[in-house]
Amino acid sequence: MDALSLFGSGAASRPAYDCRVAKRDYYDVLGVGRGAAPDEIKKIYRKLARKFHPDVNPGDKAAQKRFQEIQEAYDVLRDDEKRRAYDRFGHAGARMEEPGDSGIPFDFQGFGGGSGGGFADFSSVFGDLFGGAGGPGGERFGRAAPADTRSSMEVPFRTAIFGGTLQLQTTRRSVCADCGGRGQKGRAPCPTCRGQGRIASLEKLRVKVPAGMREGGTIRLAGKGDTGPDGRPGDLYVTIHVQPHPYFERRDSDIMAVVPITIREAYSGGDVLVPTIHGPVQARVPPGTQGGQKFRLRGKGVHDPRSGSTGDHVYTVRVVVPTNETPAGREAAALFDSLYAGDPRKDLKDVKA
Ligand SMILES: [Zn+2]
């Protein structure tokens, strides 16, 4: 389900040549300047992604659209090379590198081979930029180089933890059989590859994401790279970017979260239902719990198949104070005030600037 909403439906439902000019500037989408540092972009992205995440805005179409827009903008701006291409060529630049969101239907095969029109020009532009449009790993053609290619993929938070299968569209290049990769037929440019020496085709791949996948991790798809001059296919290396969750935050194998509690629960203790990635867990808040105190639910974090260990669910309690002020409330608050053993800020008296 996640795979479809992420990669499938978007591209398939769009027209072949996506000319919706109304596409917003990626920097505007995130509300950052063109010179924004990667850290700043990441920070703002996280904030926006939480705010507009479909899970926190159920049924809100506008928020959903905004969320997709934010994802798309971030996917380009966080990647040095995609960002440079975008700065130089605008949305066309970002699209060429990531055919998964290009608006070109995936059954559109061999776009160097005739029906592709202007795309041959595109690929030569991006060949210079990326060393072969397959990404930084794709080598320029003609050299006896490995045909390994690179791509990247957004993985939903949950899929990264529990594993799953996603779809990825990728551009694969192979030697033009007509001219043997020379790009020339006699003195004229080869009509089949339009002088490129290679044929590019879009391919839809199923990517098995193993459980316990981390941000920045790589999945290798053997034999799914370009076809080298020797006729052997290289491998495709897919870098994983884990989408943030609106509530959980993953830190290695631990999951961090905040649990609001009432003043009574903090003072007298109580049972609270704590959401974890494995479902809600009944947990006990001990009497005298302070706001900001951290608790650990062992083994309720992420399982790492490599080490065989499972992380914890770590939650920080936040004491929520009622905001509707009433005389009875003021009386109860005054009563609480009288219960402190001393000045709760006494340690602050020695603090010097
Ligand atoms: Zn050719």
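Just so it is clear, none of the values below were taken in a lab; they were calculated from the coordinates. Worth saying up front: this structure is predicted, and the values here are computed from it rather than measured. Note: ideal-geometry Cβ built from the backbone for every residue, glycine included; neighbour counts use all protein chains shown.
At a glance:
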| read-out | value |
| --- | --- |
| Other-chain or far-sequence residues with amide H under 5 Å of G301's (modelled H) | G311, D312, H313 |
| Length gained when the stretch K61-V281 is fully extended (0.36 nm per residue, less Cα-Cα span) | 76.1 nm |
| Proxy reagent accessibility, fewest Cβ within 10 Å first, across Y340, Y26, Y247 | Y340, Y247, Y26 |
| Backbone HN-Hα couplings from phi across region 176-183 [Karplus 6.51/-1.76/1.60, Hz, Gly and Pro as x] | 5, 5, 5, 10, x, x, 6, x |
| 5 angstrom amide H check on V207, placed H, neighbours 5+ away | L166, Q167, L168 |
| Net length gained if the chain between V319 and R232 were fully extended (0.36 nm per residue, minus Cα distance) | 25.1 nm |
| Out-of-range pairs (alpha-carbon distance over 25 Å; input K42/K65; K47/K208; K51/K224; K47/K294) | K47/K208; K51/K224 |
| Proxy reagent accessibility, fewest Cβ within 10 Å first, across S152, S307 | S307, S152 |
| Shape call, region 194-353: gyration tensor on alpha carbons, a/c limit 1.5 | prolate |
| Inter-site label distance for T262 and D87 at 7 Å from Cα along Cβ, in nm | 5.4 nm |
| Model label zone, S307; criterion: amide N under 18 Å from point 7 Å along Cα-to-beta-carbon; scope region 235-252 | 249-252 |
| Karplus-derived HN-Hα couplings along region 35-51 (A = 6.51, B = -1.76, C = 1.60, θ = phi - 60°), whole Hz, x at Gly and Pro | x, 4, 6, x, 4, 5, 4, 4, 4, 5, 4, 4, 4, 5, 4, 5, 5 |
